[in-house]
Amino acid sequence: MPQFYLLSVVMNVLAGMALAGDFLGEKLGFLAVWKNVRERRGLIIGIGVAAVVAGLLKLIFRSPGETVPVAGDLLPALLGIIQGGALLAEGFRQRIEASEQLESVSRAVLSYRVPLGIAGLVVALLHILMPRVLFL
């Protein structure tokens, strides 16, 4: 379905900007509005849930013209799920009691949020430019 194709691209861009927005806002002036998006907990959780749902739906439904059921959209789907999980971990981190194990997992995941966000932006751009390439 073409709707899930577009939803996957949009959610990868939004999740990527939410994860890497502060870094990209410093480098590029027109992206400065994304610098403070991590402070808005409800927005982070909303984007995270939508990215996970879009990634899971992308594994189920094929894009138009796809002949391989899952592998055609594997990378955008997995990145959507991973980015959404990272956003959810960041959003719920302040709410849950800080245990030692949770803090170590949270630090490990969130230390790679900028490269993960940039990877999501690159995959979304490649996915929209080359829709029929296998694994994109």
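The values are calculated or read from the model by the stated rules, or taken from the named source; none is laboratory data. Only a predicted model underlies this, so the values are computations on that prediction, with no experimental measurement involved. Backbone-built Cβ (ideal geometry, glycine too); neighbour counts: all protein chains shown.
Of note:
- Scanning segment 68-98 for residues that are assigned to a helix (DSSP H, G or I) and more than 16 Å from S8 (Cβ to Cβ), we see that the one that is modelled with the lowest pLDDT is R93.
- Failed item, numbered, when G65 is tested on (1) part of a helix (DSSP H, G or I); (2) modelled with pLDDT under 80; (3) farther than 16 Å from V10 by Cα: (1)
- Segment 107-130, subset more than 19 Å from L7 (Cβ to Cβ) and part of a loop (DSSP other than H, G, I, E, B), residue modelled with the highest pLDDT: Y112
- Looking across segment 1-40, the residues that are among the charged types (D, E, K, R) and surrounded by 13 or more Cβ atoms within 10 Å (Cβ to Cβ) come down to D22, K35, R38, R40.
- Residues of segment 1-55 classified as among the aromatic types (F, W, Y) and free of Cβ contacts under 8 Å to residues at least 24 places away in the same chain, total: 2
- Single residue of A51, A32, A20 found to be modelled with pLDDT of 90 or more and in a helix (DSSP H, G or I): A51
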